[in-house]
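First the structure, in the form of structure tokens, and then the observations on it.
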Amino acid sequence: MINFAQMKRVLTFFAHPDDEILGAGGTLSRLSEEKVDIHIVIPAAGIHARKNILTERKRNEDLRILRRDSQRALEKLGISPMNIHLGNFPDNEMDSRTLLSVIHYLEKIISEVQPDLIITHHWRCTNIDHQYCHQAVVVASRPNTIRQIPVICAEIPGSTGYLKPSFWLPNLFVEITKKDLARKILAMRTYGGENRPEPHPRSGGVLKALARVRGSESGYFFAEAFMIQQCFNGRRIECPNE
């Protein structure tokens, strides 16, 4: 069981700016309201995949705007800019770097933050960067006798569940309030270059509809769905004397 009441520090590891809002914006809003220390890790900028249609100067300008929008969006959820970790891995080409380099990047942040929970992508997302992030989290968070970090996978509209069979079987539903949902949609709109009109999966109307569906599946008015990757009961068992 994931006990949010025991969470002091939560770390998200989503590939691109806006993934954290799409997948867990309502949950992050709720945790922020409960005074949880939230750290957002975004390893890939989310612009340079457009190098086939944009000049380098335009990409760099868009990147500056995107990073600014990222801070503004997360502030809508009550998350401090000091807790946003932006990496420089190539967008949609994270597989051009070794998985080990991503793992080492994440391990350093985990060591500094010491999270009680990690939220990341599902392993069957269509985007290769999403898959890389999931694999890095699985390795970087593997349990040992010193620590056991629960890991849950979020649902990214427009990516999660599109590969068939999807293996997307949510088994954790987090209740969010109407206020949490409104903050999520507002935060997403702050990403001016990423928000889309209906019926796009990143539109406010579809995000609200999805929250209603996930709520109806779990007995809430609104909810976000997750799939548990690893979970621990919190008991520490002493090794018997040999």
**Request:** State yes or no: is Arg147 in contact with a Leu (Cβ under 7 Å, 6 or more places away or on another chain) and either over 30 Å from Phe222 (Cβ atoms) or among the charged types (D, E, K, R) (or both)?
**Result:** no
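State yes or no: is Ala223 crowded, with 23+ Cβ neighbours inside 10 Å, more than 18 Å from Phe14 (Cβ to Cβ) and in contact with a Gly (Cβ under 6 Å, 6 or more places away or on another chain)?
Working: crowded, with 23+ Cβ neighbours inside 10 Å: yes; more than 18 Å from Phe14 (Cβ to Cβ): yes; in contact with a Gly (Cβ under 6 Å, 6 or more places away or on another chain): yes.
Taking the combined requirement at face value, the residue satisfies it.
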**Request:** Report yes if Thr126 is of a type in the set (S, T, N, Q), in contact (Cβ under 8 Å) with a residue 24 or more places away in the chain, in a loop (DSSP other than H, G, I, E, B) and surrounded by fewer than 20 Cβ atoms within 10 Å (Cβ to Cβ), otherwise no.
**Result:** yes
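Going through region 141-155 one residue at a time, which ones are surrounded by 13 or more Cβ atoms within 10 Å (Cβ to Cβ) and of a type outside the set (A, V, I, L, M)? Write out each step before concluding.
In the first step, residues of region 141-155 are kept if they are surrounded by 13 or more Cβ atoms within 10 Å (Cβ to Cβ); the result is 141, 147-155.
Scanning region 141-155 gives Ser141, Arg147, Gln148, Pro150, Cys153, Glu155.
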**Prompt:** In the list Leu11, Leu63, which residue meets the criterion of being at pLDDT 75 or above and either of a type in the set (A, V, I, L, M, F, W, C) or not in a helix (DSSP H, G or I) (or both)?
**Reply:** Leu11
**Asked** Tell me, which residue of region 156-186 that is crowded, with 16+ Cβ neighbours inside 10 Å and among the β-branched types (Val, Ile, Thr) is nearest to the chain's Cα centre (by Cα)?
**Response** Ile156
**Item:** Residues within region 88-117 that are in contact (Cβ under 8 Å) with a residue 24 or more places away in the chain and farther than 19 Å from Val151 by Cβ, tallied
**Value:** 7
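Here is a yes/no grid of residues against (1) touching a helix residue (DSSP H, G or I) at 6+ places or on another chain (Cβ under 7 Å); (2) farther than 24 Å from Asp69 by Cα; (3) without any contact (Cβ under 8 Å) to a residue 24 or more places away in the chain; (4) not in a helix (DSSP H, G or I):
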{"site": "Ile119", "(1), (2), (3), (4)": "yes, no, no, yes"}
{"site": "Val138", "(1), (2), (3), (4)": "no, yes, no, no"}
{"site": "Tyr162", "(1), (2), (3), (4)": "no, yes, no, yes"}
{"site": "Lys179", "(1), (2), (3), (4)": "no, no, no, no"}
{"site": "Lys184", "(1), (2), (3), (4)": "yes, no, no, no"}
**Residue count, region 14-39 (criterion: in contact with a helix residue (DSSP H, G or I) (Cβ under 9 Å, 6 or more places away or on another chain) and not in a helix (DSSP H, G or I))** = 10
**Asked** Can you name the number of the only condition in (1) touching an Asp or Glu at 6+ places or on another chain (Cβ under 9 Å); (2) under 21 Å from Leu186 (Cα atoms); (3) buried (at least 17 other Cβ atoms within 10 Å of the Cβ) that Ile84 fails?
**Response** (1)
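Just to be sure, is Pro170 part of a loop (DSSP other than H, G, I, E, B) and modelled with pLDDT of 95 or more?
Working: part of a loop (DSSP other than H, G, I, E, B): yes; modelled with pLDDT of 95 or more: yes.
So Pro170 passes the test.
The values are calculated or read from the model by the stated rules, or taken from the named source; none is laboratory data. Because the structure is predicted, anything quoted here is derived from the model rather than measured. Quick reminder, even Gly has a Cβ in these numbers, built from the backbone with ideal geometry, and neighbours come from all protein chains shown.
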